[in-house]
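Here the structure is laid out as structure tokens; the discussion comes afterwards.
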Amino acid sequence: MGIAGLSQQAQVTAFDGDASWTGYPIIKGSWYSGSGSVDVNTTFLTDTGTSVGSTLTLTSGARSETVRIAGEAFANDTNDPDVFMSGSDLARIDPGQAPTQYYAGVRPGTVPQAVANALDATLDPSGPVPGAVAGIQVTPNDNAELIAVITLLTILLIVVAGLGVLNTVVLQLRERVHDLGVFKSVGMTPRQAIAMVVCSVTLIGLLAGIVGVPLGVLVHNGVVPVMGHAANTDLPAAVISVYSWWQYILLGLAGLVIAVAAALGPASWAARTRTAFALRAE
């Protein structure tokens, strides 16, 4: 569809009925409602020099319609200007258009493929009725793969951090094994030895979480928008503000937990070390 002030045509997606549930994240503004309002992607706003709340004229042949931009939507296609609008508005500008896709939301616990098969049997794929579909494709959910990758990376980071603490504690104990023998000779119990080793890393682990988490958030808030701009799109707030405040506290305490867990092995070795062996060590 042609856009006044835009040299190229824009890709227009029109929905019959309420389409706010389809899941397009809104960066600014809101999802269109009623007649005369549309949503556009970041590329559209950039190419036309408009913003949320601006008006624009859509043209198709000799017909035109002035609409208002209700919101900026986060869409997958970031290279071309996209417009999302209601089917009734499209019918006035370009009458005779028929649906080419159907979006279906299934209730929790329902198998999407079973719903697709039922709809496929109901809608005649060979009939001449406008809007009939030749088949229904169930889009796979890629979130499971993404979550698996993130989980694997998180585990690797925890393991690397734990090995760093383990290496540091082992070196310190090897260097101070004679002091450990002195402590044991004056009555230090195995539990006290474990507590001494664990307490030696708690402050470092706590400081690592307190400093590392805010620093990571600052880097995230700075890098992710730059990545979005490189892809010609802004990003919704949900992509930037990932965690709640209490989750940040838990992440900050994660450094303490990792440090304590990594120090338990060397601490157990220190508790089991015989006093005579430790005193003979240099």
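Test of understanding: among 250, 256, which residue is surrounded by 15 or more Cβ atoms within 10 Å (Cβ to Cβ) and among the aliphatic types (A, V, I, L, M)? Break it down stepwise before answering.
Values: 250 fails: surrounded by 15 or more Cβ atoms within 10 Å (Cβ to Cβ).
Of 250, 256, the one residue that is surrounded by 15 or more Cβ atoms within 10 Å (Cβ to Cβ) and among the aliphatic types (A, V, I, L, M) is 256.
Taking the conditions exactly as written (under 19 Å from residue 15 (Cα atoms), of a type in the set (Gly, Ala, Ser) and assigned to a loop (DSSP other than H, G, I, E, B)), does residue 70 satisfy them or not? Before you say what the answer is, go through the steps one by one.
Details: under 19 Å from residue 15 (Cα atoms): yes; of a type in the set (Gly, Ala, Ser): yes; assigned to a loop (DSSP other than H, G, I, E, B): no.
Against the criterion (under 19 Å from residue 15 (Cα atoms), of a type in the set (Gly, Ala, Ser) and assigned to a loop (DSSP other than H, G, I, E, B)), residue 70 does not qualify.
Taking the stretch 87-102 only, how many residues are open to solvent by 70 Å² or more (accessible area, probe 1.4 Å) and in a helix (DSSP H, G or I)?
Looking only at that region, the number is 1.
Within the group 40, 67, which residue is within 29 Å of residue 231 (Cβ to Cβ), of a type in the set (A, V, I, L, M) and touching a Gly at 6+ places or on another chain (Cβ under 7 Å)? Spell out the reasoning first.
Details: 40 fails: touching a Gly at 6+ places or on another chain (Cβ under 7 Å).
Testing whether each residue is within 29 Å of residue 231 (Cβ to Cβ), of a type in the set (A, V, I, L, M) and touching a Gly at 6+ places or on another chain (Cβ under 7 Å) leaves just 67.
Among the residues that make up the stretch 135-153, is at least one of them outside any helix (DSSP H, G or I), at pLDDT below 85, surrounded by 11 or more Cβ atoms within 10 Å (Cβ to Cβ) and hydrophobic (A, V, I, L, M, F, W, C)?
To start, the set of residues in the stretch 135-153 that are outside any helix (DSSP H, G or I) comprises 135-142.
Filter again for at pLDDT below 85, leaving 135-142.
Those still in the list that are surrounded by 11 or more Cβ atoms within 10 Å (Cβ to Cβ) too: 136, 138.
Still in the list and also hydrophobic (A, V, I, L, M, F, W, C): 136, 138.
The answer is yes, given that some residue of the stretch 135-153 is outside any helix (DSSP H, G or I), at pLDDT below 85, surrounded by 11 or more Cβ atoms within 10 Å (Cβ to Cβ) and hydrophobic (A, V, I, L, M, F, W, C).
Just checking: which of the helices (runs of 4 or more DSSP H) contained wholly in the stretch 217-282 hold 2 or more residues that are in contact (Cβ under 8 Å) with a residue 24 or more places away in the chain, in contact with a helix residue (DSSP H, G or I) (Cβ under 8 Å, 6 or more places away or on another chain) and of a type outside the set (Gly, Ala, Ser)? Walk me through it before giving the result.
Numbers: elements: 237-240, 245-272, 275-280.
By residue number, 245-272, 275-280.
Do we find a residue being of a type in the set (A, V, I, L, M), at pLDDT below 75 and surrounded by 10 or more Cβ atoms within 10 Å (Cβ to Cβ) anywhere in the stretch 173-186?
Pass one, the stretch 173-186, residues of a type in the set (A, V, I, L, M): 173, 177, 180, 182, 186.
In the following step, the residues that additionally are at pLDDT below 75 were identified as none.
The answer is no; no qualifying residue exists.
Return the pairs, sorted by first residue and then second, in which the second residue is open to solvent by 30 Å² or more (accessible area, probe 1.4 Å), the first residue lies in the stretch 161-180 and is under 18 Å from residue 257 (Cα atoms), the beta carbons are less than 6 Å apart, and the residues are 6+ apart or on different chains.
161/258; 162/258
Go through the stretch 24-41 and report how many residues are open to solvent by 10 Å² or more (accessible area, probe 1.4 Å), modelled with pLDDT of 90 or more and hydroxyl-bearing (Ser, Thr, Tyr).
2
The values are calculated or read from the model by the stated rules, or taken from the named source; none is laboratory data. Since the model is a prediction, treat every value here as computed from it, not as a measurement. Please note: Cβ atoms are built from the backbone with ideal geometry, for glycine as well, and neighbour counts cover all protein chains shown. In case anyone asks, the SASA skips ligands and DNA or RNA and just uses the protein heavy atoms, side chains included. Shrake-Rupley method; radii C 1.70, N 1.55, O 1.52, S 1.80 Å.
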